[in-house]
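These notes are about the structure you will find just below.
The values are calculated or read from the model by the stated rules, or taken from the named source; none is laboratory data. All values reported here derive from a predicted model rather than from experimental measurement. For neighbour counting, all protein chains shown are included, and Cβ atoms are generated from backbone atoms with ideal geometry for every residue, glycine included. Ligands, DNA and RNA are stripped out before the accessible areas are found, and what is left, the full protein with its side chains, is counted by its heavy atoms. Shrake-Rupley method; radii C 1.70, N 1.55, O 1.52, S 1.80 Å.
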Amino acid sequence: MTVSITDVAHAAGVSASTVSRALRGRPGVSDEVRAHITAVAASLGYTASRSASSLASGRTQTIGVLAPYVGRWFFGTVLDAAEKVFSAAGYDLLLYNLGTPEARKRFFTKLPARKRVDAVLSLLIPDEEEAAALRSLGVPLATTVGGAREGFTAVGIDDHAGATSAVRHLVNLGHRRIGMISGASEPLHWTTPVQRRQAYLDVLADAGIVHDPALEVDGGYTVEGGEHAMTALLADSRPPTAVFAQSDEMAMGALRVLRRHRLKVPDDVSVVGFDDHELAEVVGLTTVAQPVARQGAEAARLLLEQLDRPDTEPPGHVRMPIRLMLRETTAPPNP
């Protein structure tokens, strides 16, 4: 049976008009109630009538999503949360997978999204020329990576502050030989590895610790990359007593290698990650938690709000909260 807006209203304990406002991102509904209604609508499989919405608005009822790596946990989690919000409001997604320089160049040269989408959610960081191309589409734009950018609503975190808390935690425990498993910013113009690396360098400098380039290894933001990086760090003549991994997936790879080498965590080596991956608590990983799914949902909600209220100035930068989660993988260095 088709689920109606009345069914959603009854299940959520609110009026049908409140459901309509909540799912279309309109004002007059608190964030808590909006989240509740969205969850109820998703659980019931409710979607607004696309044909009716299209006739009334003259829109395509489609949101374009630009993603560099659909299969990776962070991007998959953001995309899943955003899709639930869009779907509940009667919008389809048109996904552009731009994980290679060739695919990316082809997209920004031809701009196949023109006249096919009502808004764009970008999960990659466009350079100035690419950003100008997206602005030329004349539709609302949002992103969940990088900082503020002209014409975009950016929903994200303070990467520098998060990495600072992670590395400072290791320093405060007494560690002085601190390694870092990072990722490269090119060719996708990522600012995340740059900001997290700068935080690492800043904390070391503040603590009077001389930076050793040998303790920085690229892990490519994957579990396998974390394994290779940790193996390289252990091969150093003076291996680290603690490691900051710029993502939990790399941290999990590091933990696997340490276990393989019969090294105890945190007795022999402390490890701290970043993200609070769904498996982080399972392995007891100390990490910097960021609300990944909430970022996707909030970016989607703000895009819908811009579509419904085009004359309202959209927020430029929405910063989400982060916090250090202390678990079992960090401790003072073993004398």
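List of remarks:
- Considering only residues in segment 158-177 that are of a type in the set (A, V, I, L, M) and buried (at least 24 other Cβ atoms within 10 Å of the Cβ), the one that is farthest from residue 81 (Cα to Cα) turns out to be 170.
- Candidate set from segment 1-46 (those that are among the acidic types (Asp, Glu) and modelled with pLDDT of 85 or more); member that is surrounded by the fewest Cβ atoms within 10 Å (Cβ to Cβ): 32
- Options 224, 305, 249: the member that is free of Cβ contacts under 8 Å to residues at least 40 places away in the same chain and either over 17 Å from residue 193 (Cα atoms) or within 24 Å of the chain's Cα centre (by Cα) (or both): 224
- Matching residues in segment 78-131 - criterion: being under 23 Å from residue 275 (Cα atoms), open to solvent by 10 Å² or more (accessible area, probe 1.4 Å) and either assigned to a loop (DSSP other than H, G, I, E, B) or not assigned by the TED database to the domain that holds residue 300 (or both): 99, 125
- Against the numbered list (1) among the small types (Gly, Ala, Ser); (2) out of contact with any strand residue (DSSP E or B) (no Cβ under 6 Å at 6 or more places or on another chain); (3) not assigned by the TED database to the domain that holds residue 81, residue 165 comes up short only at (2).
- Residue match in segment 51-58 (condition: in contact with a helix residue (DSSP H, G or I) (Cβ under 6 Å, 6 or more places away or on another chain) and not aromatic (Phe, Trp, Tyr)): no
- Enumeration of residues in segment 276-288 that are surrounded by fewer than 20 Cβ atoms within 10 Å (Cβ to Cβ) and of a type in the set (A, V, I, L, M): 279, 282, 283
Rundown of residues vs (1) in contact with a His (Cβ under 9 Å, 6 or more places away or on another chain); (2) more than 24 Å from residue 249 (Cβ to Cβ); (3) free of Cβ contacts under 8 Å to residues at least 24 places away in the same chain, yes/no style:
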residue	(1), (2), (3)
106	no, yes, yes
116	no, yes, no
128	no, yes, yes
159	no, no, no
162	no, no, no
192	no, no, no
196	yes, no, no
201	yes, no, yes
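- With respect to (1) assigned to a loop (DSSP other than H, G, I, E, B); (2) over 20 Å from the mean Cα position of the chain (by Cα), the lone exception for residue 232 is condition (1).
- Positions within segment 298-335 being outside any helix (DSSP H, G or I), buried (at least 18 other Cβ atoms within 10 Å of the Cβ) and of a type in the set (S, T, N, Q), in sequence order: 329, 330
- The set of residues in segment 132-143 that are outside any loop (DSSP other than H, G, I, E, B), open to solvent by 10 Å² or more (accessible area, probe 1.4 Å) and of a type in the set (Gly, Ala, Ser) comprises 132, 133.
- Any chance residue 179 is in a strand (DSSP E or B), more than 21 Å from the chain's Cα centre (by Cα) and under 13 Å from residue 167 (Cα atoms): yes
- Note on segment 144-157: residues that are modelled with pLDDT of 90 or more and either in a strand (DSSP E or B) or surrounded by fewer than 16 Cβ atoms within 10 Å (Cβ to Cβ) (or both) amount to 4.
- Check on residue 190, at pLDDT below 95 and within 30 Å of residue 210 (Cα to Cα): yes
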